[in-house]
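Inspection log for the structure reproduced underneath, given as structure tokens.
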Amino acid sequence: MARIIKVGVLAFPELEELDLAGAWEVLGATRRLFREGVFKDAYFELETVGKETGPVRCYHDLKILVERTLDALPKYDVLFVPGGPGRLKAQKDNAILEAVRKFYESGKLVASVCTGAFILAEAGILKGKKATSFHTVVDQLSGYGACPLKERVVVDGNVVTGAGISSSIDVGVKLVEILMGKEAAGAVTEWVEYCPPS
């Protein structure tokens, strides 16, 4: 029986499309590779989670559907938080922050890309942790008690943060590595024809 790793992807208006789509593509590819027999034991499944179900307009006008509300978060194994201009409102939303905080406190894996790190920071979970974000704002994480690093992906305990936009792909690969192993991460990287920046 395969282990299905369930990922809740936080969705909110004006999120950055590639912040979400890069990791979604990588993680979603594990299911295809499982169906083709490349992976035998596990794969990822993803759903969007937000304050309300229904359509959300992203920053570049792509419309996505929020499938579940925040109260569904406990059923997921991983919480993935994108960034984008909409994070400025999301990071001040007490319902979102409380849901993110509770998920983190459960000991499960929390990941962000780009300015999604500030949602984690506002929830209080980056205090004392190494973290990264978009290159123009990463240093601002120090104001939340975090140790900002200008790296593509940073892992500190059960928190994974990624730098700007396209690093969503790198975060996806890192999540595969953490939860399925390096060989699986290599297979997915090859499948999506991704050559990580050196």
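Every number here is computed from the coordinates shown, using simple stated rules; none is lab data. It should be emphasised that the depicted structure is a prediction, and the values quoted were computed from it without experimental measurement. Cβ placement follows ideal geometry from the backbone for every residue including glycine, while neighbour counts extend to all protein chains displayed.
Can you give the net charge of the other residues whose Cβ lies under 14 Å from the Cβ of residue 56, counting K and R as +1 and D and E as -1?
Working: positive: 51, 57, 63, 68, 87, 89; negative: 14, 16, 17, 19, 47, 52, 61, 67, 93.
Value of the local net charge: -3.
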Qualifying trypsin sites (Lys or Arg not before Pro) in the range 130-198, DSSP loop, other Cβ atoms within 10 Å at most 13: 150
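Among DSSP bridges having both ends in the range 3-191, what percentage is antiparallel? Round to the nearest 5.
Numbers: 8 of 31 bridges.
Once the DSSP bridges in the range 3-191 are tallied, antiparallel ones form about 25 percent.
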Contour excess over end-to-end distance, with Cα ends at residue 183 and residue 60 and 0.36 nm allotted per residue: 40.8 nm
Selected from 147, 160, 134, residue furthest toward positive end of dipole (the range 101-161; charges at beta carbon): 160
Under the span-like rule (Cα at least 18 Å along the axis, Kyte-Doolittle mean at least -1.0), DSSP H helices of the chain: 17-35, 167-180
Test item: Cα-centred dipole of the range 3-191, Lys/Arg +1 and Asp/Glu -1 on Cβ, debye: 320 debye
Cα-based Rg and Dmax for the chain, where Dmax is the largest Cα-Cα distance (Å): 15.5, 47
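If contacts are Cα pairs under 8 angstrom and at least 6 residues apart, what is the relative contact order of the range 21-155 in percent? Present the calculation step by step, with values, prior to reporting the outcome.
Working: 202 pairs, mean separation 20.2, N = 135.
About 15 percent, as a whole number.
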